Amino acid sequence: MLNPRGLFEIHRLGGLSTLTVSAVGGGSLVYFLLVAPEDDFFEAYPDEITGEEMRRYFDRVRSVLRPAPLPELPEHNVVFEQVAKEAGVEEVRRADVSVVFGDSQDRPETIRNAVGVEQGTCTYLGECLFCPRRAKTTIDLTYVPLALEKGAELRVLADVSAIERRGGQYRVTYQDRAAGRERHADAARVVLAAGALNTLRLLFLARDRHCTLPEISPALGR
């Protein structure tokens, strides 16, 4: 570990290396496209999960993130669309981005987003990864404040290392990087939402190494 407060996390998995985000806000801190999958995407899922059923949840997310296409296209986008048209491909569709745009990039504004948090409008600085104006509508500016309003408790710099069942509850062990010590949290229900890689890592540890959750399915990871 180079820096426990770092934004990025590198995973080396045999012939595959990945770069993921490790911070409050997750992948929204570095990505800002919002693309809802077509209905046929869910054909690979169990029959109970369909595109029609999921659409209402995507709509709810859109109502919070309020995505929109770029109102003013950079020159390279204009050239791309021209080349696509000349090549005879179908019409280019611009992906929606979770960015707040004002009337003009030359006249910065301040708005309140769907949960009441202030954001500045985009001025096309090109610093989208760490937008100094908070124009990118990330999870730490939307769902996290909303959860805190509802009584959630946020523990930052907490690196979960183990999960076990204790009686009728679960115990989550984590390293408190700020205090430099190990801590525990007990709960009747635990939701793992640590991304595909870290969620699987924790489940494999609990099943195969720590042997604290032996009932986890052998289909894990497949």
> Calculated FRET efficiency, residue 60 and residue 18, Cβ-Cβ r, R0 35 Å, to nearest 0.05?
Replying inline: 0.75
> Could you state the number of Å between the C-alpha centres of the stretch 156-191 and the stretch 61-108?
Replying inline: 43 Å
> About its Cα centre, what dipole magnitude does the stretch 82-171 give when the only charges are +1 on Lys and Arg Cβ and -1 on Asp and Glu Cβ, stated in debye to the nearest 20?
Replying inline: 440 debye
>> List the GluC sites (Glu not before Pro) within the stretch 96-153 that DSSP assigns to loop and that have no more than 12 neighbouring Cβ atoms inside 10 Å.
In response: 127, 153
> Once both labels are modelled 7 Å past Cα along the beta-carbon direction, what's the residue 114-residue 11 spacing in nm?
Replying inline: 2.7 nm
> Regarding the stretch 1-133, what are the three Cα extents along the principal axes, ordered largest first, in Å?
Replying inline: 45, 45, 36
> Relative to the Cα centre, what is the charge dipole magnitude of the chain, using +1 at the beta carbon of each Lys and Arg, -1 at the beta carbon of each Asp and Glu, and rounding to the nearest 20 debye?
Replying inline: 1240 debye
> How much length is gained on full extension from residue 219 to residue 49, taking 0.36 nm per residue of separation minus their Cα-Cα distance?
Replying inline: 59.3 nm
>> Counting just the Cα atoms, what span does the chain cover along each of its three principal axes? Round to the nearest Å and put the largest first.
In response: 62, 40, 36
> Which listed residue (158, 221, 25) has the Cα farthest towards the positive end of the charge dipole for the chain, taking +1 on Lys and Arg C-beta and -1 on Asp and Glu C-beta about the Cα centre?
Replying inline: 158
>> I'd like the GluC sites (Glu not before Pro) in the stretch 1-90 restricted to DSSP loop residues with at most 12 other Cβ atoms within 10 Å, sorted by number.
In response: 38, 48, 72, 90
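Bear in mind these aren't lab numbers, they're just calculated from the coordinates by the rules spelled out. Every value quoted in this text rests on a predicted model; they were computed, and no experiment measured them. Quick reminder, even Gly has a Cβ in these numbers, built from the backbone with ideal geometry, and neighbours come from all protein chains shown.
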